[in-house]
1. Starting from the amide H of S270, placed 1.01 Å from N in the peptide plane, find each other amide H under 5 Å away whose residue is 5 or more places distant or on another chain.
2. Shape verdict for the range 125-205, please, from the Cα gyration tensor: rounded (a/c under 1.5), prolate (a/b greater than b/c) or oblate.
3. How many lysine pairs are close in the range 233-353, with Cα atoms under 17 Å apart and the two 8 or more places apart or on different chains?
4. Would you check the accessible area of Y381, probe 1.4 Å, heavy atoms only, in square angstrom rounded to 10?
5. Go through 280-286, 175-181 and give me the packing order, highest mean Cβ count within 10 Å leading.
6. Based on the mean of other Cβ atoms within 10 Å per residue, sort peptides 197-209, 125-137, 339-351, 432-444 so the most packed one is first.
7. For the residue pair K114 and T397, what label-to-label distance in nm results when each label sits 7 Å from Cα along the Cα-to-beta-carbon direction?
8. Does the range 270-391 classify as rounded, prolate or oblate by the C-alpha gyration tensor (a ≥ b ≥ c root eigenvalues; a/c under 1.5 gives rounded; else a/b over b/c gives prolate, otherwise oblate)?
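The values are calculated or read from the model by the stated rules, or taken from the named source; none is laboratory data. If you're wondering where the values come from, they're calculated on a predicted model, not measured in any experiment. Heads up, the Cβs are rebuilt from the backbone with ideal geometry, glycines too, and the neighbour counts pull from every protein chain shown. Ligands, DNA and RNA are excluded from the accessible area calculation, which covers all protein heavy atoms including side chains. Shrake-Rupley method; radii C 1.70, N 1.55, O 1.52, S 1.80 Å.
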Amino acid sequence: MCESNNQRSHHTSWMFLDLLTSIRTLARLLPTVDKIITSAMNPSSQTKQIKTKARINPMFFKFALVLLAASANSQLVSAFAMESPSITATKPSFLSTIPEGPPDAILGIAEAFKSCTDERKVNVCVGAYRDSTGKPWILPSVRQAEERLLADSSVNKEYAPIAGDSKYVELALKFAYGSDADLSSVAGVQSLSGTGACRIGGHFLSKFVPKPEGLAAVPILIPNPTWGNHISIFRECGMDVRRYRYYDSKTNRLDYDGLMADLKEAPNGSVILLHACAHNPTGCDPTMDQWKSISDLIKTKSHHVFFDSAYQGFASGDAEADAAALRFFVSEGHNIVLAQSFAKNFGLYGERTGTLSVVCNSPEEKSAVMSQLKLIIRPMYSSPPIHGSSIVKTVLTDDALTTEYYANCKEMADRIRSMRMRLVEVLRDVGSTHDWSHVTSQIGMFAFTGMSSEMCDQLTSKYSIFLTRDGRISLAGLNEGNIEYVARAIHDVTDGKSITS
């Protein structure tokens, strides 16, 4: 049973009284104990007047004193521990006026999943790879690289430069732009994964892109839908966040016509955010012919291109193929800005490893851009962490590890692809008559199912299947142990209802 404050205070007071009594007793005993010890050590001294029947061991008294001191010290520590001060401000402040912010949608769902006690529960919300047993997977190539780093006595924990590890940045940019790419006019810095890269890039563009006439802020057009954090990031950078049509819920396919119309209507000189591959959350990517038309329109409108690349290699299992759109835009002469993440494709979720790069027109421009990127980074987080970047560098500088990495990446992509096909197959087997072909035509970690928010709520409340309310399913959360259960639940909540709007 918990003690009340009054009871604790009363108990503590008695402990202090006991402690003071012990100290007083110790003080009174010291002269006598000293005489006893002296007598024991020198029986012929004048202290023989102290009557003792046997020779006294002086160590006994010393030990007794130690015990008494330890007891006093223990009581003192206990007394202070019982009366730990409450860290609470009493002075009125502005803090009382701060409203509680809304919880993050995805992280909130993850917390709800953890607290759920239903043994049937399935998490198809989180955007992180899981193996066929539902467990997180450290890529074997990454594990080997990390073991080498730990065994290397020359590795240290010194600060990285503001722009990060230059060798890592070079390797990362060649991974994105091509192994034979000339980087002499590409400004690149290490970032805190893709989120940090977007934040640095947004800050840079907000500061230096000329504002279209009559506008107070630089407009950035973001696909609708998109990764939820994009909106907050660019708003925090002071940009005018707008949306362009991307997904047609009537067909569960790319809304190419709507996309082109919105980019055409945007103010000249706007920033256009594009997903390099495996669009999150829809999994719908333009074809190469469509990418060419998008590029032409962007050049006509003098728009600025911002690519977010979070799934290179993870989307198809082929990192070269997944970089096709990005490299095409570079070949077309765009001064692209690229946010690059190694969270998904290297499995370095918690290492916060990425880059931000800007394709410039000359080495002189590169130098100026680099100086400004450093000025943004320095007061923001000063310098990046080094462990994740060291892993990527170790993998990409060793031919054997690089080869194994590409095989690991393909293994992840192949499992995701197989779950995509299996989900549609099992939906058909359990009796669903819906056309789920849009799921098999999509690419990447997610399936954008077309389910309504009400259907998603039913999946969670009735079946303990946790997902975002836009109908997005993380295929990484599926495996042979739960896919039939999930398919039957989806069939139950969608049967007789439309999955298009």
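1. Counting only residues 5 or more places away or on other chains, the set is H304.
2. Here the range 125-205 falls in the oblate category.
3. Within the range 233-353, the lysine pair count is 4.
4. Probe radius 1.4 Å; accessible area of Y381 about 50 Å².
5. Descending packing order for the listed peptides: 280-286, 175-181.
6. 339-351, 197-209, 432-444, 125-137
7. The modelled label-to-label distance comes out at 3.6 nm.
8. oblate
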